[in-house]
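None of the figures in this text is laboratory data; all of them are computed from the coordinates on show. Predicted model only: the values in this text are computed from it and were never measured. Every residue, glycine among them, receives a Cβ derived from its backbone with ideal geometry; neighbour counts consider all protein chains shown.
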Amino acid sequence: MEIKIQAVNFDAQEKLQEFVNKKVEKLSKSYDDIKKVEVQLKVVKPATALNKNVSMNVGIPGVPVFVEKTCDTFEEGIDLCVDALKVKLAKIKEKARNH
C-alpha cells in the first residue's frame, strides 16, 4: 500500500508523518486490497479554532473512497478520518461479499 502525504500551507513534521503512516497502515486490517492512500493536511484560516482540515482518498478497485474532517488538531482529524474509512470499507467489503 502506497501512502502519499500532502501538507498545504505548512510543513508537516516527521512526527506527524509517522503518526499518519501508523494510523493509515491499520486500514489494511479492514480491507486487504488497498492500493494507495492520499492524505491531505491543510491549515484553513490560521489562528482560529477548528482550522485543521484532513482529507483522505483511498484507492481500491471499483469505488474510490473519500472522507474529510475538520478539527482542532491534525491528530484528531486523522483519527476521525481513519475511523470513518474503516466503517466505509467494512460496508464495501460486506456488499462485495453479498454479491
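Some observations on this one:
- Taking θ as phi - 60° and the Karplus parameters 6.51, -1.76 and 1.60, the scalar couplings of the stretch 5-15 work out to 10, 10, 9, 10, 6, 6, 9, 6, 6, 4, 4 Hz in sequence order, x denoting glycine and proline.
- Amide H within-cut-off set for Val65, under 5 Å, with H built and near neighbours excluded: Val58, Ile60
- Separation of the Asp79 and Ala47 label points, Cα + 7 Å toward Cβ, nm: 2.8
- Charge tally in the Cβ shell below 11 Å around Leu50, where Lys, Arg are +1 and Asp, Glu are -1, Leu50 excluded: +1
- Cα pair distances of the chain binned at 10 Å [whole percent]: 15, 50, 26, 8, 1
- Percent of beta bridges antiparallel (DSSP, the stretch 2-98, rounded to nearest 5): 70
- Short-range pairs are left out: with C-alpha atoms under 8 Å and at least six residues apart, the relative contact order of the chain is 25 percent.
- Net length gained if the chain between Lys22 and Lys86 were fully extended (0.36 nm per residue, minus Cα distance): 21.6 nm
- Residue among Leu80, Leu89, Leu16 with the largest mean-square fluctuation in a Gaussian network model of the chain, springs linking Cα atoms under 10 Å: Leu16
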